[in-house]
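One structure below.
The values are calculated or read from the model by the stated rules, or taken from the named source; none is laboratory data. Remember, it's a predicted structure, so these values are computed and weren't measured experimentally. Don't worry about glycine lacking a Cβ; one is built from the backbone with ideal geometry, like all the others, and counts go over all protein chains shown.
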Amino acid sequence: MSSLRIRDLLERKGDPLQLEPLTGEAGLDRVIPSAEASSPGLVLAGYTQRFAAHRIHILGETEITYLASLDGSGRRRSLETLFDFDIPCVVITKGQEAPAELLGLARAKGIPVIRTKLKTAEFYSRLKPFLDDAFAPHTTVHGSLADVFGVGLLFLGRSGIGKSECVLDLVERGHRLVADDVVHITRRGNDVLIGRGHELSRHYMEIRGVGLIDIQALFGIRAVRQQKRIEVVVQLEDWDAGREYDRTGIEGQETKVLEVALPLVTVPLNPGKNLTVICEVVAMNHLLRYGGVDSAQAFNERLIRRMAEKRQLQEYLEEDYE
């Protein structure tokens, strides 16, 4: 799990979320320990059981109106109940004025108070994807990622085996580069993996003998994309004459990345093999399976039916005594 400071939130999402710190530098280096945000309404009313203090706490119009309905001493007691907890920060929505007692207690405790002009529901909806991404499990792999017919193919294999050259050929055929050499992978939810390139090398490729090339400059904006869901892993390997390779595809292989199972296609390489077309077929075959058509399974069922028909014919002929 990543660590995220309040300062990071302001720097990265300050403009999109229209964030304005009301307590200056106080508490900006506090760590946000959770990807969740919630309202502390019940705590302000005095109910503190099961309070999730580790979340970002948002005061909307309802909470601010409630505080305004209290007299000075009641408002202070209510806010003291909240600030007795070690909360990361408080966010006030809809550009509302912060009660003086809130700002005073926040400064004393070193807890930042931030204001946004966004409505509460809109702020929640914009903040949550950012927090989910910041706290999502992630890893980095050495490989290449391409969008082929809308399918995210992650190419893995030893250095120099031809991953970049394969993706370059795919781009020339109209497909799209996502990342080359270094692929940052983030898990969203339980079963979605999103891959993207490093921000410095994005849209660049290293081709041995040629050097670094800018795919966007060479092929145009249509040849690149910022990120893509990873759906199939293509493992490129040197041909091994002594190894048995899958020739039917009935028993599909799988591999796990960040505990997410992905289809694995192992492609042995030898001179003359048209790797680019094979990768296009891998993508199209995945789309067929996603649509409920499994070519290998259909052929297997057809073969079993034919064998059964021949067996029935053989039994009939054996029992024909005329």
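A few remarks follow.
- If only residues of the range 140-160 that are over 16 Å from the mean Cα position of the chain (by Cα) and part of a strand (DSSP E or B) are counted, the one that is surrounded by the most Cβ atoms within 10 Å (Cβ to Cβ) is 144.
- Count of the range 44-81 residues which are within 17 Å of residue 113 (Cβ to Cβ) and under 34 Å from the mean Cα position of the chain (by Cα): 9
- Which listed residue is in a helix (DSSP H, G or I) and within 23 Å of the chain's Cα centre (by Cα), from 277, 265, 282: 282
- Cβ-Cβ under 6 Å pairs, at least 6 apart or on other chains, the range 162-185 side more than 20 Å from residue 139 (Cα to Cα), far side of a type in the set (S, T, N, Q) and surrounded by fewer than 22 Cβ atoms within 10 Å (Cβ to Cβ): 169/276; 170/276
- Boolean, residue 254 is without any contact (Cβ under 8 Å) to a residue 12 or more places away in the chain and either farther than 19 Å from residue 149 by Cα or acidic (Asp, Glu) (or both): yes
- Positions within the range 272-298 being in contact (Cβ under 8 Å) with a residue 40 or more places away in the chain and more than 19 Å from residue 152 (Cα to Cα), in sequence order: 295, 296, 297
- Residues of the range 161-195 satisfying the condition of being crowded, with 17+ Cβ neighbours inside 10 Å and of a type in the set (Lys, Arg): 163, 176, 187
- In this structure, residue 36 does satisfy being of a type in the set (Asp, Glu), within 22 Å of residue 4 (Cα to Cα) and in contact (Cβ under 8 Å) with a residue 60 or more places away in the chain.
- Residue match in the range 24-38 (condition: polar (S, T, N, Q), farther than 18 Å from residue 134 by Cα, in the same structural domain as residue 120 (by TED's automatic domain parsing) and surrounded by fewer than 19 Cβ atoms within 10 Å (Cβ to Cβ)): no
- Residue within the range 169-184 that is assigned by TED's automatic domain parsing to the domain that holds residue 267, among the hydrophobic types (A, V, I, L, M, F, W, C) and more than 22 Å from residue 262 (Cβ to Cβ) present: yes
Table: residues versus (1) of a type in the set (A, V, I, L, M, F, W, C); (2) under 24 Å from residue 26 (Cβ atoms); (3) crowded, with 20+ Cβ neighbours inside 10 Å.
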site: 56; (1), (2), (3): yes, yes, yes
site: 72; (1), (2), (3): no, yes, no
site: 85; (1), (2), (3): yes, yes, no
site: 90; (1), (2), (3): yes, yes, yes
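- Residue in the range 123-144 that is touching a Gly at 6+ places or on another chain (Cβ under 8 Å), modelled with pLDDT of 95 or more and either assigned by TED's automatic domain parsing to the domain that holds residue 8 or not small (Gly, Ala, Ser) (or both) present: no
- Whether a residue is touching a Gly at 6+ places or on another chain (Cβ under 7 Å) and more than 23 Å from residue 132 (Cβ to Cβ) was assessed, and residue 81 passes this test.
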